[in-house]
1. With respect to B:ALA83, determine if the residue is open to solvent by less than 20 Å² (accessible area, probe 1.4 Å) and more than 30 Å from A:LYS80 (Cβ to Cβ).
2. Collect the residues in segment A:56-74 that are open to solvent by 20 Å² or more (accessible area, probe 1.4 Å) and among the aliphatic types (A, V, I, L, M), keeping them in residue-number order.
3. From the list A:GLY102, A:GLY127, pick out the single residue that is at pLDDT below 95 and surrounded by fewer than 15 Cβ atoms within 10 Å (Cβ to Cβ).
4. Can you tell me which residue in segment A:1-28 is nearest to DNA strand D (Cβ to nearest atom), limited to those that are under 20 Å from A:ALA67 (Cα atoms) and open to solvent by 80 Å² or more (accessible area, probe 1.4 Å)?
5. What number of residues within segment B:55-95 are more than 16 Å from DNA strand C (Cβ to nearest atom) and outside any helix (DSSP H, G or I)?
6. Identify all residues within segment B:98-123 that are more than 7 Å from chain A (Cβ to nearest Cβ) and either within 30 Å of B:ALA52 (Cα to Cα) or of a type outside the set (A, V, I, L, M, F, W, C) (or both); write none if there are none.
7. Starting from segment B:1-23, take each residue that is charged (D, E, K, R) and list its partners that are more than 8 Å from DNA strand C (Cβ to nearest atom) and open to solvent by 70 Å² or more (accessible area, probe 1.4 Å), counting only C-beta distances under 8 angstrom and pairs at least six apart or across chains.
Number of protein chains: 2
Amino acid sequence: MNIGDVAENTGLPAKTIRYYEDIGLIKPMRDGNGYRRFRDQDVHKLNFLGRARALGFTIEDCRTLLALYEDETRASADVKRVAREHLTQIEAKIADLNAMRGTLSHLIDACAGDDRPDCPILKDLGGKS
Amino acid sequence: MNIGDVAENTGLPAKTIRYYEDIGLIKPMRDGNGYRRFRDQDVHKLNFLGRARALGFTIEDCRTLLALYEDETRASADVKRVAREHLTQIEAKIADLNAMRGTLSHLIDACAGDDRPDCPILKDLGGKS
DNA sequence: ATGAGGGTTCCAGTGACGGGAAGGTCAAGG
DNA sequence: CCTTGACCTTCCCGTCACTGGAACCCTCAT
């Protein structure tokens, strides 16, 4: 399989696939003409990576998870720890965003949104609360 | 005021303040020795920027908001539009993160987290659901 | 004179790619 | 045989909002 077919199959852009090779996540073979040749195992890894990235894992987490995936002697505790730490990050981000949303929607509700200059949003940002 | 005092007053790192000057958000004066000299209006702008950034507005949004802030003839509708668009982005992000959190916590709950290799997290990422 | 503690500029790096240039390869059609 | 168009390759720059660090200047106290 060439990179275009793999891109279509995995849903990952060709650029991303090349990037993943660059940083050593996958190691496809090469044909005589220099084209990358992807075996099933490469495609499988890419699907793994795509799903892990979709769950928000960083590339370094993905590297770790992939290594655990390939290691038949892994302890599931190691996987779980990585996942739990990531979950903690996600929850922290959600909390931050919820705080922003709360403040913002409050301010938006208070703003007339007409052609007059008075604006509680700017008033708040300006510190005159 | 020199940059160090401004940094302390606003809570913004000196590096960030220099960056904001670089990209034209503020235009502090210069002393004879080349040091930046910040007037109250500069400090005020920086506080504005700090608060807007804390609400998650992009730098370009901040530029827009600052321009509106300075424009006595603005329409609050313009401010509100910027804020609403940002709120939409935030809500989209929250939705994404909530979806991730749901899947992740599900998988984490299903994982024994012991020294055995069996792991529903990896099984899911591997596509064998 | 020296040292500490400001300040300055400029360059490189972050994460995870995306855009685009310049060029090699391949299969099909005229 | 030649061309065309769709692939593929590498390489470098840009993103966003900074952060770190090097190399250097200024000021004041000892």
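The values are calculated or read from the model by the stated rules, or taken from the named source; none is laboratory data. Model, not experiment: these values are computed from the prediction. Cβ: placed from backbone, ideal geometry, glycine included. Neighbour counts: every protein chain shown. What goes into the accessible areas is simple: the full protein's heavy atoms, side chains included, and nothing from ligands, DNA or RNA. Shrake-Rupley method; radii C 1.70, N 1.55, O 1.52, S 1.80 Å.
1. On the way: open to solvent by less than 20 Å² (accessible area, probe 1.4 Å): yes; more than 30 Å from A:LYS80 (Cβ to Cβ): yes.
Yes.
2. Residues of segment A:56-74 that are open to solvent by 20 Å² or more (accessible area, probe 1.4 Å), as a first pass: A:56, A:58-61, A:63-64, A:67-74.
Of everything in segment A:56-74, those that are open to solvent by 20 Å² or more (accessible area, probe 1.4 Å) and among the aliphatic types (A, V, I, L, M) turn out to be A:ILE59, A:ALA67, A:LEU68.
3. Numbers: A:GLY102 fails: at pLDDT below 95.
Unique residue meeting the criteria: A:GLY127.
4. Here the answer is A:ARG18.
5. Of the residues in that region, 7 qualify.
6. Kept after step one, since they are more than 7 Å from chain A (Cβ to nearest Cβ), are these residues of segment B:98-123: B:99, B:102, B:106, B:109-110, B:120, B:123.
The answer is B:ALA99, B:GLY102, B:HIS106, B:ASP109, B:PRO120, B:LYS123.
7. B:GLU21/B:LYS27
Okay, residues lined up against (1) closer than 18 Å to A:GLY102 by Cα; (2) modelled with pLDDT under 95; (3) out of contact with any Leu (no Cβ under 7 Å at 6 or more places or on another chain):
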{"position": "B:ILE23", "(1), (2), (3)": "no, no, yes"}
{"position": "B:PHE38", "(1), (2), (3)": "no, no, yes"}
{"position": "B:LYS45", "(1), (2), (3)": "no, no, no"}
{"position": "B:GLY56", "(1), (2), (3)": "yes, no, yes"}
{"position": "B:ILE59", "(1), (2), (3)": "no, no, yes"}
{"position": "B:ALA83", "(1), (2), (3)": "yes, no, no"}
{"position": "B:ILE90", "(1), (2), (3)": "yes, no, no"}
